[in-house]
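The values are calculated or read from the model by the stated rules, or taken from the named source; none is laboratory data. The structure presented is a predicted model; accordingly, all values stated were derived computationally and were not measured. Cβ sites come from the backbone with ideal geometry, for glycine too, and all protein chains shown count toward neighbours. Ligands, DNA and RNA are excluded from the accessible area calculation, which covers all protein heavy atoms including side chains. Shrake-Rupley method; radii C 1.70, N 1.55, O 1.52, S 1.80 Å.
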Amino acid sequence: MPSGLVESSTEAAVVEASPPSSHGLRDTDDRSPHNGDAFPSNEWGGISSVEHDEAVMLEAAMFGGIPEGTGYNFPYAPHHFMQASHPYPRPVPRPLSPSLEAQRLIREQQDDEYLASLQADREKELKAMEEAEARHLQEKVAREAALEEEKQKEVESRRKLEEEQELERLLAAKEALLPPEPLLEDENAVTLLVRMPDGSRHGRRFLKSDKLQALFDFIDIGRGVKPGTYRLVRPYPRRAFSDGESGLTLNELGLTSKQEALFLELI
């Protein structure tokens, strides 16, 4: 027990051994030898000051403090003494067990893998959407290009058909205007032989008074070459005859022999 408590116990024993005062006990004039204040015995059921002091010391020893208002001032309470000599250790947080730590790491790894899987799925879905959109755009462009090409082909086909129809009308007109072929015995008849680019030969008799246009018409209605894409050439002596001279007669152009050999030259 601390020294302060021992001294208080000794003083309390001395007070108990001394005879009572000649004046007797008074509720308002009884004083404690420890603190010099009046002891209100009526508040404690009429117990003596010694009993009060013992109760106070017992309470101090049990609970480590002096009740407020008693007047006792110990240098330190017993629990202070015990804490000073043997301080209570503060609780230290226990680390997680290896199994719990492993489970926590596994959960964190699973969470990371799950988030990574979600991110990969989002990127894959976004890539698939972009590829689908690109394919859709390419298909749209291809369809438009195919439609445009088909339209151009249709226009070209219509144009060619119209050209062919126009050419057929022109050739029909040329054939209708072609002069009749004279007899072989006619002195004014000239046989013109024309060698074509493929090596074949086409010949017909004309009158010397017939125009060169009649020879062009004869070659055109043979449909071997397209009108206006060639000229006629006499090898010996070399002489080229073009559309610009089609209005002249064979006699004016010097084609007066009984037989003239020409060849067709593409231009």
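Quick notes
- Rolling a 1.4 Å probe over the protein heavy atoms gives the stretch 99-177 an accessible area of 91 Å² per residue.
- Cα-based reach from K226 at 17 Å (exclusive), listing lysines while leaving out same-chain residues under 8 positions away: K160, K174
- Of the trypsin sites (Lys or Arg not before Pro) in the stretch 191-243, those whose Cβ has at most 12 other Cβ within 10 Å and which sit in DSSP loop: R223, R238
- Per DSSP, loop GluC sites (Glu not before Pro) in the stretch 170-248 with at most 16 further Cβ within 10 Å: E185, E187
- Taking the protein heavy atoms of the stretch 113-185 in the context of the full set of protein chains, the accessible area attributed to carbon and sulfur is 57 percent at 1.4 Å.
- Accessible surface, 1.4 Å probe, highest first, among residues H202, H52, H136: H136, H202, H52
- Per-pair calculated FRET efficiency, R0 = 51 Å: R143 and E265 via Cβ, rounded to 0.05: 0.60
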